[in-house]
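Heads up, the thing below is written out as structure tokens.
The values are calculated or read from the model by the stated rules, or taken from the named source; none is laboratory data. Quantities reported herein were computed from a predicted structural model and do not represent experimental measurements. Reconstructed Cβ throughout: ideal geometry from the backbone, glycine too, with neighbour counts over all protein chains shown.
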Amino acid sequence: MIKKISAEQLYKRMNDEQGILILDVRSSLAFEKWRVEGKHVSAINLQLFKMKELGKEVTQVIPYDKPVVAVCEKGVVAKQTASILEGLGYDVGYLSGGMLAWSEFYETVPVYLKDSLQLYQIIRPAKGCISYLIASGNEALVVDPGRHIAIYEELARKLGVTIRHVVDTHLHADHISGGHALADVSVAKFWVPEEEMKDATRKYEPLFDQQKLRLGNENLKIICLKTPGHTISGMCILVEGKYLLSGDTLFVNGIGRPDLKGAALEMGSLLFETMTEIISRLGDGMMILPGHYSHFSEFNEHGFIGEMLFHIKQRSALLNLCDKEEFIAILLNLLGDPPPNYEVITKINQGKYEVSFNEQTELELGPNHCAVTSVQQ
Ligand SMILES: [Fe+2]
């Protein structure tokens, strides 16, 4: 019987000291664009037909020293591959559901747990997307949920809280938001910055700068800060003056790219003002909790993605620039590929375009590409 490995089991194994070897049998192009990455993961890209050509010589290419996990698009070819390797004596399994299943896996990590405030980070490792659930009393706020909304419903149920607010910090271009769907099923308000939703057909509540969101414990301070630059009126959510859910404005190792909605120069200028006039004036001890990550090295020792502003500033060349023109020039020079299908995804998130669940899955495949990174990884 060939060992079937779920996305959740794969994620756990990636963090084991022993490590794993991913044998990715997809095309070299697909492998280059997007693959399983993690702390104790090494990877080989070798298609099944090449493996068959190699015959027993494949043992010269694939080492025996670590457990092997074969990976393909949907799990079918990987299963055949694992079967051949098992015959050659390998400790091998295959990723059930392939990269499709990997793309839909989420992990919940606690950031801060006290009676008056419980803050959870919900990580989608395949895409590097991060969302949050904040609970206080018997109510909750969800920030930037992915479209697999059962994750948030289940967490709220476990915690015994009712979701009262759902916020999208900005109009997402890299993934399909679960915001409106989650708000619908949980009878919550769905908040989005108004300027982001021009001509949108979707029902939402407009989110404004300095707006306070009330939740459970009346004294809890949750304030929205307008931080434009990645998008025209993207928001950060400041929680108790200590945690900044920074959306796609600031990441642990980078800042939000300014070009996805056009007008990159103007947006770059806004981003400079946001960094110098809003972000840099927050206390150095502010814990930055971003909306994405681009590399597993960004996980901190507590197992979540977050870093004190002070340390981010120390590492970031962009955050230390005082000249706007120089900031924009460097920023634009560092831009990589945009997220796959970002124009269609943006329209879907405004409610202007609808596709089936399976089409949504296809559109979202691939990494997020939301950050401009100015730090070596
Ligand atoms: Fe974004």
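Side notes on the structure shown:
- The one condition from (1) modelled with pLDDT of 95 or more; (2) in a loop (DSSP other than H, G, I, E, B); (3) touching a His at 6+ places or on another chain (Cβ under 8 Å) that H148 does not meet is (3).
Here is a yes/no grid of residues against (1) outside any loop (DSSP other than H, G, I, E, B); (2) on the phi < 0 side of the Ramachandran plot:
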{"residue": "E196", "(1), (2)": "yes, yes"}
{"residue": "N217", "(1), (2)": "no, yes"}
{"residue": "L220", "(1), (2)": "no, yes"}
{"residue": "I223", "(1), (2)": "yes, yes"}
{"residue": "G262", "(1), (2)": "no, no"}
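- Enumeration of residues in segment 156-187 that are surrounded by fewer than 24 Cβ atoms within 10 Å (Cβ to Cβ), more than 14 Å from the ligand (Cβ to nearest atom) and of a type in the set (V, I, T): V161, T162, V185, V187
- Boolean, Y132 is under 29 Å from L365 (Cβ atoms), touching a residue at least 24 places away in the same chain (Cβ under 8 Å), within 16 Å of the ligand (Cβ to nearest atom) and assigned to a strand (DSSP E or B): yes
- Subset of segment 216-229 that is modelled with pLDDT under 95 and buried (at least 19 other Cβ atoms within 10 Å of the Cβ) - its residue that is farthest from A140 (Cα to Cα): L220
- In segment 93-105, residue nearest to T361 (Cα to Cα) [restricted to those that are at pLDDT 95 or above, of a type outside the set (A, V, I, L, M, F, W, C) and outside any loop (DSSP other than H, G, I, E, B)]: G98
- Given (1) in the same structural domain as I151 (by TED's automatic domain parsing); (2) at pLDDT 95 or above, number of the condition Q47 does not satisfy: (1)
- Qualifying residue in segment 83-92 (condition: outside any helix (DSSP H, G or I) and within 20 Å of the chain's Cα centre (by Cα)): no
- Count of residues meeting criterion [in contact (Cβ under 8 Å) with a residue 60 or more places away in the chain and surrounded by fewer than 23 Cβ atoms within 10 Å (Cβ to Cβ)] in segment 139-154: 2
- Scan of segment 198-215 for residues that are part of a strand (DSSP E or B) and either at pLDDT below 85 or of a type in the set (K, R) (or both), ordered by number: K212
- Look at (1) closer than 19 Å to V252 by Cα; (2) out of contact with any Asp or Glu (no Cβ under 7 Å at 6 or more places or on another chain) and you find that V344 fails only one, number (1).
- Among the residues of segment 228-248, those identified as within 16 Å of the ligand (Cβ to nearest atom) and of a type in the set (S, T, Y) are T231, S233, S246.
- Looking across segment 254-268, the residues that are under 19 Å from H175 (Cβ atoms) and small (G, A, S) come down to G254, G256.
- Qualifying residue in segment 188-200 (condition: more than 27 Å from D323 (Cα to Cα), crowded, with 21+ Cβ neighbours inside 10 Å, more than 16 Å from the ligand (Cβ to nearest atom) and among the small types (G, A, S)): yes
- Those helices (runs of 4 or more DSSP H) of segment 267-357 in which 3 or more residues are at pLDDT below 95, among the aliphatic types (A, V, I, L, M) and in the same structural domain as S233 (by TED's automatic domain parsing) occupy 324-333, 342-349.
- For segment 43-58, filtered to residues that are without any contact (Cβ under 8 Å) to a residue 24 or more places away in the chain and surrounded by fewer than 16 Cβ atoms within 10 Å (Cβ to Cβ), the residue that is nearest to Y94 (Cα to Cα) is I44.
- Within segment 323-377, the residues that satisfy the criterion of being over 27 Å from K313 (Cβ atoms), of a type in the set (G, A, S) and surrounded by 15 or more Cβ atoms within 10 Å (Cβ to Cβ) are G351, G366.
- If you go through segment 274-287 and keep only what is under 24 Å from the mean Cα position of the chain (by Cα) and farther than 14 Å from L319 by Cα, you end up with G285, M286, M287.
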